[in-house]
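Taking it in order: structure first as structure tokens, then the write-up.
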Amino acid sequence: MKVLLATDGSDTAAAAVRFAAEFPFPSGTEVKIISVIGNVLHDREIEALTPQEKDEYEVSRDGTRREVEQLLRSEAALLEQAGWGVATEIRSGHAAAEIVAAAEEDQADLIVVGSHGLTGFKRFLLGSVSNQVLQSAEHSVLIIRKPEEGCAGNHPEPPAPGHPWRLLVCYDGSEPADAAIDFCASLDLDDAASIRILTVLPMVRLFRQDIRQELDWIWRRKKESEKAELEAAADRVRRGGGSVTTALIEAGDVSDAILAAGAELAADLIVLGHKGKGAIERFLMGSVTPRVAHHACRSILAIR
């Protein structure tokens, strides 16, 4: 697997590096760490500077680059200690655009970003960048959150060596959801890991349609079919390591149901397909993944 990890020296970027260092990626995974230095001045603005101002500007840029180089060396060492092959790169420009471009150039399988970064000349903003990358990249995106970020009470601890991973995998039978199942099956998980495969069926509650659906034989047959698909997906994951369980629930709001299930499991990671099939028989609509990513206090993996 080829992983592109974006860093900016912020706390959440550092959390992303630690997460990547401990996460059970498949054997042979290679990680490229990139950092993007924003262009404070446009070319025409640089041209308007006096010679002295240009010199001062270049000195400042050189200082920033040295800081970034030191950051990348430090974070690369951490990932190398974890056993991953590591390369580094510094790019200039708009952060989200450069991250997506780098992923395309390297044909990365996965982009990893922190959920928030720092503003200012020396750092790029991952708060909006992570959302932009999620929306625009044609790659799977892993958004890392710090444990305390937005969580009240029940939240995962920082990953540590020997950490018993807890994954919530949302499944709706779509191609991205199948890719999420394949991803989980490829992980190097130990027997202490817990994976819950979740299917959410949306209840239509307008004019008491929930009662009609429960009594309708078509709805009952549909639930039986969904349970069979869910178990088949779980069997695929069971070929790897870890304890695998399933859950099929009915809910009025799919996103809220996923977030609640993540809290119940105390999941370290919620895995979703990025785009579903639509229609009532499939719950993972296009808006669900961005909404879960926005509101979750847990790390999110959106599978393309």
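Quick look at the numbers
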| read-out | value |
| --- | --- |
| Filtered residue count, region 16-40, keeping only those that are in contact with a Leu (Cβ under 7 Å, 6 or more places away or on another chain) and charged (D, E, K, R) | 1 |
| SER243 touching a strand residue (DSSP E or B) at 6+ places or on another chain (Cβ under 8 Å) and either surrounded by fewer than 23 Cβ atoms within 10 Å (Cβ to Cβ) or at pLDDT below 95 (or both) | yes |
| Single condition ARG145 does not satisfy, out of (1) closer than 20 Å to VAL3 by Cα; (2) buried (at least 22 other Cβ atoms within 10 Å of the Cβ); (3) at pLDDT 90 or above | (3) |
| Lone qualifier among GLU214, GLU281 - being modelled with pLDDT under 85, assigned by TED's automatic domain parsing to the domain that holds ILE181 and not in a helix (DSSP H, G or I) | GLU281 |
| Matching residues, region 103-125, being closer than 20 Å to ILE303 by Cβ and either at pLDDT below 60 or of a type outside the set (Ser, Thr, Tyr) (or both) | ALA103, GLU104, ASP106, GLN107, ALA108, ASP109, LEU110, ILE111, VAL112, VAL113, GLY114 |
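The values are calculated or read from the model by the stated rules, or taken from the named source; none is laboratory data. Everything quoted here is computed from the prediction, not taken from an experiment. Using ideal geometry, Cβ is built from the backbone for each residue, glycine included, and neighbour counts are taken over all protein chains shown.
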